[in-house]
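Note sheet for the following structure.
Just so it is clear, none of the values below were taken in a lab; they were calculated from the coordinates. These numbers were taken from a predicted model, which means no experiment stands behind them. Positions of Cβ are generated from backbone atoms using ideal geometry, with glycine treated the same way; all protein chains shown enter the neighbour counts.
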Amino acid sequence: MSLYVEVALPVPLKRDFSYRLPESMPQQPAIGARVKVPFGRQQLIGLVTGVTDKCDLAPAQVKPIIELLDDSALLPDPLYKLTQWAARYYFCSHGQMLSQAIPAALRKGADSSRDTITQLQLTEAGRAADPASIKRAPAQQKILMELAKSALTDEEFNALELSKSGLKALCDKNWVEKLEITQQLDLSWRQLLVMDEEPHKLNKEQAVAVAAMTQEDNFSCTLLEGITGSGKTEVYLATLEHHLKQGRQALILVPEIGLTPQTINRFRRRFRVKVAVIHSGLTDNARLNAWRDAKCGEAAIIIGTRSALFTPMKYPGVIILDEEHDSSFKQQEGVGYHARDLAVMRGHLEGIPVILGTATPSLETLNNALSGRYRHLSLSKRAGAAQNVKQGIIDIRSQPLTAGLSQPLINEMRLHLDAGNQVLLFLNRRGFAPALLCHECGHLHECDRCDAFFTLHQQLGEICCHHCGNQYPIPRQCHNCGSTMLAGQGVGTEQLASVLEKLFPKHPVVRIDRDTTRLKGSLEEHLGAIHRGEYKILVGTQMLAKGHHFPDVTLVGLLDVDGALFSADFRAPERFGQLYTQVSGRAGRAAKPGMVLLQTHQGDNPILRDLMQRGYGEFARSQLQERQQALLPPAWHMVLIRAEAHNPQDADSFLNEMAMMLPRDREFEVIGPMPAPLDRKAGKYRRQLMFQAKDRTRLQKETERMLAQVSQLQSAKKCRWSLDRDPQDLL
Ligand code: ADP
Ligand code: ZN
Ligand code: ZN
């Protein structure tokens, strides 16, 4: 009797594939183990989802497995189940979801256990050799000198960025040898947790929160709503202590921008345990090592960005998601999963508590907390010595502006700078100016591939399209009339910083945006210099708004918020409320009182007034009511289909056919097809179809029914399309 193996493969087809177990492979593969199989002309690695003795295909059609890569399941059962659940929820194949969950090195076939490590060391001949004798081969010389100091593991060798070919040459000369060393598993932290830092004495609110969250160890989900500086991190640390002391691991997820050395160090400083750090910037190898450390239980704390959600834990204890409102938890490309929603599901499947912390809860989470589905705890006072912030609006209607700065703001800046403090200015537009204008004919230079203006980058000498990356040297003449009178229109961070240098020559200015932090390590360098007080004026985009703690900043100015208040996106007010509150939270974090000033042409805007007078908490609650009345998420559940094509009719007719397959009634609404807010991007026309249902299960069923028919549509072949469940961004 032959055995058949069902395999989930990283291809969009929503089914498993059958293979034969060859006679040479007597061992029956475990469910969840990796196998290498032939697929068309390629070889793919997939996960075994079942073993049967039946197969519908003719035996000759079933190909044999090439290789069995694991003795047992690669992922712990709850995590495997999570990927199954997520594949169904996000309408992708199980294989596609597994590719999100498994580190690249493992998808390419690397060994999943970390029983042995490779160590490089000098041989007798290598020790006797004179480095000067190979000075013509500097790469080899460098390796020889490093190894003379100490032996290196594979990983350390890679981290030092030493030459691989140099190493091979040295091994061939027999100067260096590779040893396979069995690694001892160190789980001592589970027996005795060593604390390196004395915790703060918790204030009453903090103590209540910690007590509530640690009273039981099975699944529960808590929203910890604490204003900036209220000591949420301190609450996380105390909760962590509880779980670590019981020998259980903690998974901490932070936004992409929030994973700074500062954040990681706060966890490292407190507990003497191994911390695995996981983010998208790691090499495949480093990521695999962190993954293995977590899987075997040696790393007590795992801290990382979105994809770290899928890190296995041998002794799962708690999942904490900091800044839960942050949009980087939602993946935009490919499978659009939301790490927050999956974290809650993972906690449920693992039977462990989940904590969502933020000063500015997303309306989704707030809704769950207010309806009683999540526990709701709050921290309403700033911890330690910090005081509350004063806030004011500067109405800039018909006021003269210097590079976007009003005189009252400049005056206030001077007061704070003269007192020796730092000032932070927030402007969410990088570059010199958001458009290039012809002074003679009024022409605004537009990207030839998108419906968007070019941004002027003076320092780079370029105009760039921020949507498609298109760039040209700054034109000397207007494309429309040939005039040479071209000038930037509007203000970006580059211009603001250079004008500030002239206005305040004694106070050094630093600019933090994607352009100034492109190089690896440059953000950390800038942040370090800010902390040392080397800069007094901080100019930045979103990047400066999140999670940083600047004790000497006493004044925060928001330069241009009008754009943020008007947008096609129904989430715009929520986003603005979060941004405003987070940026304001950068002011007066230590003993010094803080102030926030906001410049606007919309001084009477009700959203703005509501936010400033009642604070984010009340503002968010009234926003939530509006969403409920408008039948928008989180009240209803939404799916967005995006389609793009060189010919707009192709995208339209495809989406129209899809729309026809969907119901329309009082509990199911179909909107579109319609042009995307950015109608044309990189030369392609973009259309979208939105639909939403009152009931989540119904949305699931109707979407599945529709997708089953889509593969037969001819029009589907003429465009590129993707599906986004619970879309966060309507662009
Ligand atoms: P959040 O994460 O809510 O923004 P943090 O945990 O970073 O707040 O705390 C803000 C500041 O207050 C930090 O410098 C922290 O060390 C300090 N802090 C927190 N809790 C206490 C406490 N109970 N007593 C004294 N200082 C505290
Ligand atoms: Zn012109
Ligand atoms: Zn473009």
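Please tell me the relative contact order of the chain in percent, rounded to the nearest whole number, where contacts are Cα pairs under 8 Å and at least six residues apart.
Across the chain, relative contact order equals 10 percent.
Which order do the peptides 709-717, 658-666, 79-87 come out in when sorted by mean C-beta neighbours inside 10 angstrom, highest first?
Numbers: 709-717: 12.3, 658-666: 13.9, 79-87: 20.9.
So the peptides 709-717, 658-666, 79-87, ranked by packing, come out 79-87, 658-666, 709-717.
Cα centroids of region 202-217 and region 612-670: how far apart, whole angstrom?
Computed from Cα coordinates, the inter-centre distance equals 38 Å.
Calculate the spin-label point distance for Asp56 paired with Asn388, positioning each point 7 Å from the Cα along the beta-carbon direction, and give it in nanometres.
6.5
Of all DSSP beta bridges in the chain, what percent run antiparallel (nearest 5)?
If we restrict to bridges inside the chain, about 55 percent are antiparallel.
Normalise the Debye intensity by I(0) for region 347-499, one equal point scatterer per Cα, no solvent, then take log10 at q = 0.18 Å⁻¹ and round to two decimals.
-1.06
Going by how many other beta carbons lie within 10 Å of each one, how would you line up Ser362, Ser380, fewest first?
Sorted ascending by nearby Cβ count, the order is Ser380, Ser362.
Pull out a ≥ b ≥ c, the square roots of the eigenvalues of the alpha-carbon gyration tensor of region 608-671, then state rounded if a/c is under 1.5, prolate if not and a/b is larger than b/c, and oblate in the remaining case. Walk me through the numbers before you get to the answer.
Values: a/c = 4.85, a/b = 2.13, b/c = 2.28.
Verdict is oblate for region 608-671.
So, in nm, how far is label Leu444 from label Arg88 when the simple model puts each one 7 Å beyond its Cα toward the Cβ?
4.8
Taking the Cα centre as origin and putting +1 on Lys and Arg beta-carbons and -1 on Asp and Glu beta-carbons, what dipole magnitude results for region 229-376, to the nearest 20 debye?
In total the dipole reaches around 580 debye.
Taking a point 7 angstrom from the Cα of Ala151 along the C-beta vector, which residues in region 117-132 have backbone N less than 15 Å away?
Those under the cut-off are 117-127.
Determine the distance separating the Cα centre of region 488-546 from the Cα centre of region 260-295; give it in Å without decimals.
28
Measuring from centroid to centroid over Cα atoms, what is the spacing of region 699-731 and region 1-37 in Å?
29
For the chain, what does the alpha-carbon gyration tensor say about shape, rounded, prolate or oblate, given a ≥ b ≥ c as the root eigenvalues, a/c under 1.5 as rounded, and a/b over b/c as prolate?
rounded
Between Leu713 and Asp604, what length comes free when the chain is fully extended (0.36 nm per residue of separation minus the Cα-Cα distance, one decimal in nm)?
Here the segment from Leu713 to Asp604 would lengthen by 34.2 nm.
I need the shape label for region 601-731. Rule: rounded when a/c is under 1.5, else prolate if a/b > b/c, else oblate, with a, b, c from the alpha carbon gyration tensor.
oblate
When we measure straight from the Cα of Lys684, which aspartates and glutamates land under 18 angstrom away, once same-chain ones fewer than 8 places off are left out?
Once the sequence-local aspartates and glutamates are set aside, what remains near Lys684 is Glu333, Glu446, Asp448, Asp451, Glu644, Asp650, Asp652.
Could you work out [θ]222 nm for the chain from helices alone, using -39500 (n - 2.57) per DSSP H run of at least four and dividing by all its residues? Round to the nearest 500 deg cm²/dmol. Provide the component values of the computation, followed by the final result.
Details: 22 runs with 230 residues, N = 731.
Per the formula, -9500 deg cm²/dmol.
Checking the cross-link filter: which aspartates and glutamates have an alpha carbon closer than 20 Å to that of Lys63, excluding same-chain neighbours under 8 positions apart?
Glu6, Asp16, Glu23, Asp53
Name the residue from Met660, Val639, Tyr616 whose Cα lies farthest towards the positive end of the charge dipole of region 600-662, charges +1 on Cβ of Lys and Arg and -1 on Cβ of Asp and Glu.
Highest projection toward the positive end goes to Tyr616.
With label points built 7 Å along Cα→Cβ from the Cα atoms of Gln215 and Lys63, find their separation and express it in nm.
Result for the modelled spin labels: 5.8 nm.
Considering the Cα trace of region 229-280, what is its radius of gyration and what is Dmax, both in angstroms?
Cα-based Rg and Dmax for region 229-280 come out at 11.2, 31 Å.
Please order Arg292, Arg107 by the number of other Cβ within 10 Å, starting at the fewest.
On the way: Arg292 23, Arg107 17.
Taking fewest neighbouring Cβ atoms as first place, the list is Arg107, Arg292.
For the pairs Lys81/Lys330; Lys274/Lys520; Lys390/Lys694; Lys330/Lys694; Lys381/Lys694, note any where the Cα-Cα span goes beyond 30 Å.
Lys390/Lys694; Lys381/Lys694, as the Cα separations exceed 30 Å there.
If each residue of separation counts as 0.36 nm, what is the full-extension length gain between Ser567 and Asn203 once their alpha-carbon separation is subtracted?
127.0 nm
Can you sort Trp291, Trp189 from fewest to most other Cβ atoms within 10 Å of each residue's own Cβ?
Details: Trp291 25, Trp189 21.
Ranked by crowding around the Cβ, least crowded first: Trp189, Trp291.
Which length gain, in nm to one decimal place, applies between Arg666 and Ala110 when the Cα-Cα distance is subtracted from 0.36 nm times their residue separation?
Taking 0.36 nm per residue and subtracting the Cα distance, the gain is 195.0 nm.
Output the lone cysteines of the chain: those with no second cysteine's C-beta under 4.7 Å from their C-beta.
If one checks each Cβ against the other cysteines of the chain, Cys55, Cys92, Cys171, Cys221, Cys296, Cys464, Cys468, Cys719 turn up with nothing under 4.7 Å.
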